[in-house]
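What follows is a single structure, written as structure tokens, with notes after it.
Taken together, the values in this text are just the output of simple stated rules run on the coordinates, not laboratory data. Nothing here was measured: the structure is a model prediction, and the numbers come from that model. Virtual Cβ from ideal backbone geometry, glycine too; neighbours counted across all protein chains shown.
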Amino acid sequence: METDQHILHRIAEMADEERRLRDALTASGTDTSAERARLGAIERELDQCWDLLRQRRAREEFGQDPDEAHVRPQSQVEKYQS
């Protein structure tokens, strides 16, 4: 069971990693496929975390159990519009 605080902590960790990776890419001037792949993976996982957090908050707002929210597939979440 993940709590909202746990999800927010994970989001912060991933955002920090994303920022460090982007800074390193900018500083080095190199852009390898491995680095691009890692950035893509971080972005997709961040999308999933934000989606899970929104699900939990919506369930709680409407009197449902937030612990019944679940991580949706990346293929579904990445198609959402901001």
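Tell me the residue from ARG19, ARG59 that is on the phi < 0 side of the Ramachandran plot, among the charged types (D, E, K, R), without any contact (Cβ under 8 Å) to a residue 60 or more places away in the chain and touching a helix residue (DSSP H, G or I) at 6+ places or on another chain (Cβ under 7 Å), please.
Details: ARG19 fails: touching a helix residue (DSSP H, G or I) at 6+ places or on another chain (Cβ under 7 Å).
Only one candidate qualifies: ARG59.
Hey, among the residues in the range 62-82 that are surrounded by 13 or more Cβ atoms within 10 Å (Cβ to Cβ) and free of Cβ contacts under 8 Å to residues at least 24 places away in the same chain, which one's farthest from GLU18 (Cα to Cα)?
Looking at residues that are surrounded by 13 or more Cβ atoms within 10 Å (Cβ to Cβ) and free of Cβ contacts under 8 Å to residues at least 24 places away in the same chain, I get GLN64.
Looking at (1) part of a loop (DSSP other than H, G, I, E, B); (2) of a type in the set (Lys, Arg); (3) more than 19 Å from GLU2 (Cβ to Cβ), can you tell me which one ARG36 breaks?
Checking ARG36 against (1) part of a loop (DSSP other than H, G, I, E, B); (2) of a type in the set (Lys, Arg); (3) more than 19 Å from GLU2 (Cβ to Cβ), the one that fails is (1).
Being aliphatic (A, V, I, L, M) and surrounded by fewer than 15 Cβ atoms within 10 Å (Cβ to Cβ) is the filter; apply it to the range 23-42 and report the residue that is farthest from the chain's Cα centre (by Cα).
My answer is ALA27.
Just checking, which of GLU45, GLU13 is free of Cβ contacts under 8 Å to residues at least 12 places away in the same chain and under 14 Å from the mean Cα position of the chain (by Cα)?
GLU13
Filter the range 51-61 for residues that are more than 15 Å from the chain's Cα centre (by Cα) and surrounded by 11 or more Cβ atoms within 10 Å (Cβ to Cβ); which is nearest to ILE11 (Cα to Cα)?
Filtering the range 51-61 for residues that are more than 15 Å from the chain's Cα centre (by Cα) and surrounded by 11 or more Cβ atoms within 10 Å (Cβ to Cβ), the one nearest to ILE11 (Cα to Cα) comes out as ARG57.
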